[in-house]
1. Could you say whether any residue in segment 157-168 is modelled with pLDDT under 90, surrounded by fewer than 17 Cβ atoms within 10 Å (Cβ to Cβ) and either touching a strand residue (DSSP E or B) at 6+ places or on another chain (Cβ under 9 Å) or at positive phi (or both)?
2. If residue 29 meets every condition in (1) under 25 Å from residue 166 (Cα atoms); (2) in contact with a helix residue (DSSP H, G or I) (Cβ under 6 Å, 6 or more places away or on another chain) apart from one, which number is that one?
3. Do we find that residue 108 is out of contact with any helix residue (DSSP H, G or I) (no Cβ under 9 Å at 6 or more places or on another chain) and in contact (Cβ under 8 Å) with a residue 40 or more places away in the chain in this structure?
């Protein structure tokens, strides 16, 4: 049995993916979660073979969750699930350690096949993406310096939570650090990104870290 953890902030998506996998008979859905900051603890506790992970997650976006999981628990393979048919998201997901990228309108049979491929260590990309298209786009991106890559893991967490409208005290509670420490991280990330505090939301939206609908 292939153990799968589902992470998506929309319950209907989680239920649909769960139903498709359980109907196949070769999968065990060991858990599901709708908040990005909770994914890592569940991966550690449940040890899934595959994490099906939404790109847009509240608290911590899927790309950052993927990066943490790939570094800490490499035995768990990540399949990103997204509504964005955009090469930039695919490249970021693969660079973060994902083995696959599936669109949310993927047919149930194809999604099941994707999870099975990911579990075996093979790559899966939803049409219209292909290895050639993604590698060509990645080559173009690599020519451009990206200040976001200089941020620490904690700075990225603070950036997203601030962009979602949380104050320093609330961010501190979520991350179990003091408001003063939050302020230091925020000051550092603003300096690295050359942003003013009022620009955080605009930057996060443009970067795809948060969505307009929250």
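The values are calculated or read from the model by the stated rules, or taken from the named source; none is laboratory data. Only a predicted model underlies this, so the values are computations on that prediction, with no experimental measurement involved. Glycine also receives a Cβ, built like all others from the backbone with ideal geometry; neighbour counts cover every protein chain displayed.
1. So far as segment 157-168 goes, no, none of its residues is modelled with pLDDT under 90, surrounded by fewer than 17 Cβ atoms within 10 Å (Cβ to Cβ) and either touching a strand residue (DSSP E or B) at 6+ places or on another chain (Cβ under 9 Å) or at positive phi (or both).
2. Evaluating residue 29 over (1) under 25 Å from residue 166 (Cα atoms); (2) in contact with a helix residue (DSSP H, G or I) (Cβ under 6 Å, 6 or more places away or on another chain) leaves (1) as the failure.
3. no
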